[in-house]
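Chemist: I am attaching a structure below and will ask some questions about it afterwards.
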Amino acid sequence: MPRKNGSQMIYDPASVRQYFDEFSEREWDRLSDSTQGRIKYRIHRQFLEKVVRPEMHVLDAGCGPGRFAIDLIKLGANVTLVDLSSVQLELARSHLSKANLLQEATAIQQGDITRLDTIDDSTFDVTICYGSTISYTCQEFPRALEELMRVTRPDGHIIASVTSLFGTLRLVGPLDARDFIRSADCHLDWKAVLSGEQIVYTKSGSPEFHQPMVLFTSVGFLSVLEDAGLTVIEMASSNPIVPSFTAISSIAESVGASAELERLELTACKAPGLLDAGEHLIAVAKKTSVGSE
C-alpha cells in the first residue's frame, strides 16, 4: 500500500468534476488533434477490439466525451457510460448523436468510480476505465478498483489505465522543464521517486499537475491489480517511442511516415522493456472466480 503523506493523500471528486467540466471539448480533441494523440487512441482501442464481443454488457467508467463508447457500440456491445462531469456526459451524448448511436447506448449517467452505488454487483461482462480516472482517485484507488471489480461478472474483464510515473517524468525532456526538475519536490514526492517506490503521489497545489494524482510504475500497477484479486493478462503503455509534446512536424506532414510510426508504437507498446516509457500504463485483467469471492 502507498505511504500516507499528508496533503498528497486527497481525493476531491468535486475538484476533478470541475476540472473536466471546464476542460470540455479538449478531452475529445486530445486524441485526434496530433499524431501522438491519434496513435494513443489507436493503442487503447486495440484492447477493446480484442476483448469485446457483440451483445456483451460493457461499462465505460470515466467515459469522458464518449470516444471509446462509440467504438464499443460499433463492436455490438450494450454500453453504459458513467462520468463525474456533467459537461463530459453532455458531450458524449452529442458525439453519440452525431454518430447516429445515441439510441444504442444502454444508459448514460453521472457517477464516481469509487461509489458506483446505482449499479448492481456482477452487471458487466467487461469494464473499461481508460485515461487517468483511477489515478485521480489518489488514496482511494483501492476502493475504485474494488468497485470496478464488484460491478464486473466473475470471469469478466477489466481494461484499465493509469498515469505512468516514469512516462510522466519522461516529458521533462520534450518540455525542457528546467523549473520542474529543479523544484521537483514541490510537485510530487521526490524522495519516494528517488528511493524507488512503485506508487508515488503528486502534491496538492503543484502548478505542474492539474489535479492531485497517484502515479504508478508498471511493477506498482501490476501489484495493485493482483492484490485486488485480478489476473493480469496483458500490459502495455501508450506512446513509449514518441511522447506527447515532442516536435515531429516532418513525420506529421507525411502520411507514410505517420503510418509507420503508428505501426512501430503498436508493436513497442507491449514490449516489457518499454512499459514504463509511455504516458499511460494499460492493463487487461480478468476477474477470476476466486478473486470475486
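Chemist: Measuring from centroid to centroid over Cα atoms, what is the spacing of the stretch 80-137 and the stretch 163-229 in Å?
Modeler: What the calculation gives is 27 Å, centre to centre.
Chemist: Fewest first, what order do 276, 185, 83 take by the number of other Cβ atoms within 10 Å?
Modeler: 185, 276, 83
Chemist: Which of the listed residues, 68, 37, 57, is farthest toward the dipole's positive end in the stretch 6-287, when Lys, Arg count +1 and Asp, Glu count -1 at the beta-carbon?
Modeler: Of 68, 37, 57, it is 37.
Chemist: Cross-link list 74/98; 74/270; 40/203; 203/270; 98/270; 40/287: which exceed 22 angstrom alpha carbon to alpha carbon?
Modeler: As for pairs spanning more than 22 Å Cα to Cα, those are 74/270; 40/203; 203/270; 98/270; 40/287.
Chemist: Using a simple charge model, +1 on the beta-carbon of Lys and Arg, -1 on the beta-carbon of Asp and Glu, nothing else, what dipole does the chain show about its Cα centre, in debye to the nearest 20?
Modeler: Dipole of the chain, to the nearest 20 debye: 380 debye.
Chemist: Oh, and also: Projecting each Cα onto the charge dipole of the stretch 39-131 (Lys/Arg +1, Asp/Glu -1 at the beta carbon, about the Cα centre), which of 110, 92, 122 comes out farthest on the positive side?
Modeler: Of the options given, the answer is 92.
Chemist: To continue, here is another question. How far, in nm, would the chain grow between residue 248 and residue 176 when pulled straight, counting 0.36 nm per residue and subtracting the alpha carbon separation?
Modeler: 24.4 nm
Chemist: Here is a further query. Spin-label point model (7 Å from Cα, Cβ direction): what's the residue 55 to residue 227 distance in nm?
Modeler: With each label placed 7 Å out from Cα toward Cβ, I get 4.0 nm.
Chemist: Still on this structure: Take the Cα atoms of the stretch 160-293, find their three principal axes, and give me the spread along each one in whole Å, biggest first.
Modeler: Its Cα atoms span 53, 40, 23 Å along the three principal axes.
Chemist: Mind checking which of 236, 247, 195 is farthest towards the positive end of the stretch 180-279's charge dipole, using Cβ charges of +1 (Lys, Arg) and -1 (Asp, Glu) about the Cα centre?
Modeler: Checking the options against the dipole of the stretch 180-279, the answer is 195.
Each reported figure results from applying straightforward, stated rules to the coordinates on display, with no laboratory input. Everything numeric in this text was worked out from a predicted model, so none of it was measured. We place every Cβ from the backbone using ideal geometry, glycine too, and count neighbours over all the protein chains shown.
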